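Below is one structure, written out as C-alpha cells; comments come after it.
Please treat every number below as a calculation from the coordinates, not as lab data. Computed from a predicted model, the values in this text were never measured in an experiment. Glycine gets a Cβ as well: all are built from the backbone with ideal geometry, and neighbour counts include every protein chain shown.
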Amino acid sequence: MNNSKSELFQKAISNTPPKADQIPLVHKEHGDNRLDNYHWMRLSDEQKNDKVTDDHTRKVVDYLEAENKYRETLTSHMKPFEDKLFEEIKGRIKQTDMSVPYKENGYFYVTRFEEGREYAIYSRHKGAIDSPEEVLLNVNQLAEGHEYYAVGGMDITEDNKILAYSVDTVSRRQYNVYFKNLETGERFTDEISNTSGSVVWANDNLHIFYSIKDETLRDYKIMRHKLGTESKQDVEVYHEKDETFSTYIYKTKSKKFLVIGSSATLWDEFRILEADKPTSQFRLFQSRIYKLEHSISHYKDHWYIRCNKDSAFNFKVMKCPDSKTGLENWVDYIPHKEEIFIEDFSLFADHMILEVRKDGITQIEVRPWTGDSYYIPFKEESYTVGTSINPEFETDLLRLHYTSLTTPSTTFDFNTNTKELLLLKQQEVVGSFKSDDYHTERRMIKANDGTMIPLSIVFKKGFEKNATHPCLLYGYGSYGISEDPMFSSARLSLLDRGFVFAIAHIRGGQEMGRMWYEHGKFLEKKNTFTDFINCGEWLVQNNYCHPEKLYAKGGSAGGLLMGAVVNMKPELWGGIVASVPFVDVINTMLDESIPLTTGEFDEWGNPKKKEYYDYMKSYSPYDNVEKKDYPPILITTGYHDSQVQYWEPAKWIAKLRDYKTDKNPLIMYCNMDTGHGGSSGRFRRLREVAMEYSFLIELAQ
C-alpha cells in the first residue's frame, strides 16, 4: 500500500528513521543458529534505572527517545487533529461521576470522579448513602508529584477502622502497602514493599496477609504482617518454590477462611486456615495434580469446587465437607455438560450463581439451594454480562454488569425472589449519542480447517456494504481470555467517521468453551493467527470494507497476533496498531530471568524442548521478518513494562526497518514513564487512544 496523497507517507519517504546499531549475536539452540543483531537493547532492571552513569543504558534510552522524536516528526501535521480527537473523546466522558454504591459490613462504598481530575476518590457512607461522606483515599492528592500512580488492592478490617491499600508509582506492578486509621485520618508508619498489591485482613483486625515478588516479579511468598511492627519482622507463611506457579491469598465470602492459592496454567493447589486464627498453620486442601484445575468457595459446612476432574473439559461443580477436603471426598453437585462452559460461580445464603457460556454468549444462571434453577433473560442477541461487586452474603439482590457493542456499561440489580431486573445506572455518554444510531451483527466465519469463528461487528446505521469503508479488526486469542462485545465511547470517533469495527473471537480465548482455548495454544497456536486472517478476508470479500482499508489492532499477546498476521499475510492489511506487542517469543521464553516466562511454559511450550522450539520459531514475529513489503505500522510500548519488556517492540521495529522493502511509515511510541497498562490517569490514557485513532484515520483518507 502506498497512499501518495497522505502527508504521513510523504514524510516517511523523505525523513530518515533512527538507525539502530547492528551488533551480531548468535543464539545457539538445538543445533540452530539464530542471528540477533539487536540483543544489545536488553537492559537489566539495575541498568534500566541508571540513565545517568551507565553508558549502555544511555545508548538504549537515546535510541528510544530517537524513535519518539521520529514519530513526532512524521505525525506533526496530524497533531492538531490528534488534539481535536482527544478533546472529542474526552468530551463524551461525564467528568463528575459516581459509581453505583454497594453495601458491605454496614457501609455503602462509592468511587467517584471530579471534573478535570485524573484520579478517583474512594469514599463510604455509614448506614445510608445520604449519610456524611468519609473519604478513604483521594488519589488526586496522593498522586501529586508522580508521573504514574496506581492504587492496587484495598481492604478494611472487620471492625471498619483501618484501611490497608497498595500503590505502584513506577508502572512495574510492584506495590507498596500502606495503612490508614479511618477514625483519625492518620497514616500508620507501617510500610511493606515489593508486593503484588493484594492485601487481606484476618478477622482479628490486627494481622494482614500479602504476597511478595521474586526477582522475576513472580508472586512466590505469602507473608503475615502484624500492625504496628516493622515489615522485616513479618512472618513467611508459604513459599512457592516451583517457578511455574504463582501464589496469592484471599478470604472466603463466608468470612470463615483464609485461602492461599498457588496456580499454574494447568493446575492449582490451595491451603486453608480459619480467619479467626491467623497465627495458626495453614493446612493443605488437596495436593496439586497435573492438569487438575480447580477453584474453591465456602458455604456453611461445605466447600464447593469448580473443576475439570474426570475429563470435565467445560468444568463442573463438586462439593466436599469442610472437614474432609481431599479429592476422595469430592462429589458431583453440578455435572459437566459439553454444551455449557462454566466460567465461574459465587455463593449466597439462598442461592448459587453460575457464570456460563452457551453458544459463545455469556449467561447468568441462578440456582436456589431449594427450587428450580433458571437463566436471567436479556433482550439483545449479542452482549456481555457478568456478576459485579457482591460482597454481602445475606441478600436477595445480585449486582450485574451488562454491555454490548451498542449499549454502554450498565449496572443492574436482579432480585432473586421477584425475578425483577432493576436498572441502577447506565454509563452516560455526553453529547448526542443514541444506541439506536448504531447496528451490531454476529457472524460465523469458516476457518481454514472448517471451524466456525464468531465475528462481532458494529457500525453506524446508514452503512452500505459497498466495499468503500475502512474497518478496524481487533483480536487477542491467548491465555483463555475471551474478548467479548463491549461498548466503548472512544470508539464512536471511528464509527462516526464511517469505520466498521469488528472483534474476531479467535481460538486461544474461551468464547466457545474450553476446547476453544486448547486448540489455540501449544502446537496449535497458529490457529489463532489463521482464524484472524480468515475473519479479515471475510470482511473484505463481503464488502464490509475497502480492500486497502482493512486495519488490525491487538495488544500484548494480541500484539503477537499482529506480528504473526503481518508476516503471514502483509498484503491483507492497510495498517497495523501493535500495542505492547509480545513479538520476540523464543528469546523471551528461553530467558527465565524475565518476568512471566516460567509461568507460561504451559501456554506456549518450553523452547528448551526441540518440538516446541521449532514450532515457536515458525511463527515468532521477530524471527520471521522477511525482505518484503509491510503495511504501515504503529507500535506502542512502555519503558517500565514488566509483562512485555520494551526491548521486544524496539528490536522488532529495528529489524523491520532492516528488512522491509517498502516506503510505508513505521513508527513507535515508547512511554518512558509507564509500563504495560499505559498511563494511569483517566484522561492521560486517552491521549494514546487519540494517537492510535488519528493514525488509522490518516491512513483511511
Gyration tensor (alpha-carbon) shape descriptor, region 591-650, a/c threshold 1.5:
oblate
So how long is each side of region 341-431 along the principal axes, counting just the alpha-carbon atoms, biggest first, in Å?
46, 28, 21
In region 144-235, which GluC sites (Glu not before Pro) fall in coil by DSSP and have 11 or fewer other Cβ atoms within 10 Å?
Glu144, Glu183, Glu186, Glu215
Roughly what angle does helix 557-568 make with the longest principal axis of the chain, taking Cα atoms, 0 to 90 degrees, to the nearest 10?
30
Considering only DSSP states other than H, G, I, E and B, which chymotrypsin sites (Phe, Trp or Tyr not before Pro) in region 359-400 qualify as loop sites with at most 15 other Cβ atoms within 10 Å?
Trp369, Phe393
From the square roots a ≥ b ≥ c of the eigenvalues of the alpha-carbon gyration tensor of region 1-67, which class results: rounded (a/c under 1.5), prolate (a/b over b/c), or oblate?
oblate
Just want the ordering: Glu483, Glu626, Glu104, from fewest to most Cβ atoms lying within 10 Å of their own Cβ.
Glu626, Glu104, Glu483
Extending each Cα 7 Å along its Cβ direction at Arg34 and Asn415, get the distance between those two points in nm, one decimal.
6.1
Could you list Lys324, Lys651 so that the one with the fewest beta carbons within 10 Å of its beta carbon is first and the one with the most is last?
Lys324, Lys651
Expressed to one decimal in nm², the mean projection of the alpha carbon convex hull of region 490-613 is 8.7
Neighbour counts of other C-beta atoms within 10 Å: give me Leu25, Leu699, Leu273 arranged from fewest to most.
Leu25, Leu273, Leu699
Distance from a point 7 Å along Cα→Cβ of Lys569 to each backbone N in region 461-483: keep the residues under 20 Å and list them by number.
466-478, 483
Cα shape, region 422-479, gyration tensor, a/c 1.5 rule
oblate
How big is Rg to Rh over region 69-135, alpha-carbon atoms, Rh as the Kirkwood inverse-mean-distance radius?
1.29
Among DSSP bridges having both ends in the chain, what percentage is antiparallel? Round to the nearest 5.
85
If you average the alpha carbon positions of region 39-85 and of region 466-520, how far apart do those two centres end up, in angstrom?
30
Violating pairs (Cα-Cα greater than 28 angstrom) within the set Lys255/Lys324; Lys28/Lys651; Lys460/Lys660:
Lys460/Lys660
Given unit charges at Cβ for Lys, Arg (+) and Asp, Glu (-), the dipole magnitude of region 341-431 about its Cα centre in debye, nearest 20, is 180
Within the P(r) computed for region 472-543, what percentage of the Cα pairs occupies the region above 17 Å?
47
For a 28 Å ceiling on Cα separation, which of these pairs sit above it: Lys337/Lys617; Lys90/Lys655; Lys103/Lys251?
Lys337/Lys617; Lys90/Lys655
Can you give me the C-alpha center-to-center distance between region 137-170 and region 252-303, rounded to a whole angstrom?
27
Out of (i) 1.10; (ii) 0.95; (iii) 0.97, which label holds the value of Rg/Rh (Cα atoms, Kirkwood Rh) that was computed here?
(ii)
Sorted largest first, extent of region 161-278 alpha carbons per principal axis (Å)
46, 35, 24
List the GluC sites (Glu not before Pro) within region 317-381 that DSSP assigns to loop and that have no more than 11 neighbouring Cβ atoms inside 10 Å.
Glu338, Glu339, Glu381
